[in-house]
Structure formats: C-alpha cells, structure tokens
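The values are calculated or read from the model by the stated rules, or taken from the named source; none is laboratory data. Quick caveat: nothing in here was measured; it's all calculated off a predicted structure. Positions of Cβ are backbone-derived with ideal geometry, glycine not excepted, and every protein chain shown enters the neighbour counts.
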Amino acid sequence: MTRVITSLCVREGACATVCPVECIVAGKPEDKYPWYYIDADTCIDCGACESECPVGAIFPEDEVPSAFKAKGGETQSMPVGTAGFTTVYEGKNHDGEAVHLEATKVLTAGEVVDLTPAIQANNDFFKSGPGYNAK
Ligand code: SF4
Ligand code: SF4
C-alpha cells in the first residue's frame with residue numbers, strides 16, 4: 001500500500017521534506033505534471049506526508065475518494081488544456097517561493113469531484129515522467 005497525492009495538491013512541497021525515504025518528487029514539466037508524486041515502490045506507508053499536507057491532498061491508495069465533497073475553496077489542479085480548468089493559481093510553497101499553476105479550478109461548497117484518476121496519473125508519472133527519469 002502506498003499513499004497517493006491527488007489533484008488537490010498545489011505544489012506546496014512540505015510533504016517531500018518529511019518523507020523518511022525521499023520518495024516524493026515534484027512533477028516536471030509543471031504544466032504537464034502539475035503535482036507532487038509518490039513512488040509506490042519506495043513508499044513505506046508511514047503517513048507522515050498525509051499529516052503534513054496543509055490542503056489534505058494525500059490519501060492511502062485504497063481511500064482516495066471517488067466522490068470527494070468539497071468544503072469550498074479547495075484548488076484542484078490538472079495538466080494544461082484539461083477542460084474546465086481555466087483558472088490560474090498563484091501561491092507560495094513552504095519555502096516562500098512562488099508557485100504558478102496554469103490550469104486549476106476553485107471548488108465550490110458541496111461540489112463533488114472524483115479524485116481517483118490521480119492513482120493512474122501517479123503510476124504513469126513513474127513509468128514515463130521525464131522529471132523523475134532525469135533525476
Ligand atoms: S507515506 Fe511515508 S513513506 Fe510514503 S510517501 Fe508519505 S511520508 Fe513518504
Ligand atoms: S504537502 Fe500537499 S500540497 Fe504540498 S506538495 Fe505535498 S501533496 Fe502537494
């Protein structure tokens with residue numbers, strides 16, 4: 001079992017600093033791989049990242065919600081060009097550095113979204129993600 005970072009991630013980066021086995025990496029290029037990703041082969045399922053995430057983007061793989069009900073105000077991020085994701089997010093990471101995400105949307109209270117596509121996206125990233133392979 002691994003943890004999975006979902007599309008609620010806003011590249012804030014704190015999770016990667018607490019992972020004891022350093023299996024969390026930022027997707028590159030950002031427009032194609034907008035979140036951080038967890039290497040399932042290395043993850044020891046300790047849960048430290050989930051506790052650290054300020055936006056609740058991380059779930060155990062078998063608990064990733066297919067019907068996540070938004071409180072309202074959450075930012076969901078997808079690759080550039082994804083239909084419906086037309087808002088630009090400007091934020092800061094845990095080091096105070098600027099974060100710019102091109103394709104996001106802000107969820108409204110009660111909106112229900114499926115976060116499970118992040119499981120496949122995470123797996124695909126470690127098969128083909130150029131940022132990971134270039135490490
Ligand atoms: S559950 Fe633990 S080992 Fe797995 S990614 Fe999170 S911090 Fe790292
Ligand atoms: S702590 Fe949460 S928001 Fe920050 S990079 Fe990790 S998953 Fe994304």
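Out of 40, 16, one residue alone is within 16 Å of ligand 1 (Cβ to nearest atom), within 16 Å of residue 126 (Cβ to Cβ), over 10 Å from the mean Cα position of the chain (by Cα) and at pLDDT below 95. It is 40. Once the range 20-61 is narrowed to residues that are outside any loop (DSSP other than H, G, I, E, B) and among the small types (Gly, Ala, Ser), the residue that is surrounded by the fewest Cβ atoms within 10 Å (Cβ to Cβ) is 51. With the condition kept exactly as written, say whether any residue in the range 101-115 is touching a helix residue (DSSP H, G or I) at 6+ places or on another chain (Cβ under 7 Å), at pLDDT 95 or above and either under 14 Å from residue 7 (Cα atoms) or in a helix (DSSP H, G or I) (or both). No. Check whether at least one residue in the range 81-101 is surrounded by 14 or more Cβ atoms within 10 Å (Cβ to Cβ), hydroxyl-bearing (Ser, Thr, Tyr) and in contact with a Pro (Cβ under 8 Å, 6 or more places away or on another chain), and report yes or no. Within the range 81-101, none of the residues are surrounded by 14 or more Cβ atoms within 10 Å (Cβ to Cβ), hydroxyl-bearing (Ser, Thr, Tyr) and in contact with a Pro (Cβ under 8 Å, 6 or more places away or on another chain). Evaluation of residue 46 against the conditions (1) near ligand 1 (Cβ under 10 Å from one of its atoms); (2) within 25 Å of residue 90 (Cβ to Cβ) shows that the sole unmet condition is (2).
Table: residues versus (1) farther than 19 Å from residue 11 by Cβ; (2) touching a Lys or Arg at 6+ places or on another chain (Cβ under 9 Å).
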position: 27; (1), (2): no, yes
position: 32; (1), (2): no, no
position: 63; (1), (2): yes, no
position: 76; (1), (2): no, yes
position: 106; (1), (2): no, no
position: 113; (1), (2): no, yes
position: 117; (1), (2): no, no
position: 122; (1), (2): no, no
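The set of residues from the range 53-72 being within 10 Å of ligand 2 (Cβ to nearest atom) and more than 20 Å from residue 125 (Cβ to Cβ) comprises 54, 56.
Flag: residue 118 matches the condition of being within 22 Å of residue 17 (Cβ to Cβ) and at pLDDT 95 or above.
For residue 11, the test of being on the phi > 0 side of the Ramachandran plot, within 10 Å of ligand 2 (Cβ to nearest atom) and surrounded by 15 or more Cβ atoms within 10 Å (Cβ to Cβ) is passed. If you go through the range 29-52 and pick out every residue that is among the hydrophobic types (A, V, I, L, M, F, W, C), within 14 Å of ligand 2 (Cβ to nearest atom) and without any contact (Cβ under 8 Å) to a residue 40 or more places away in the chain, you end up with 1.
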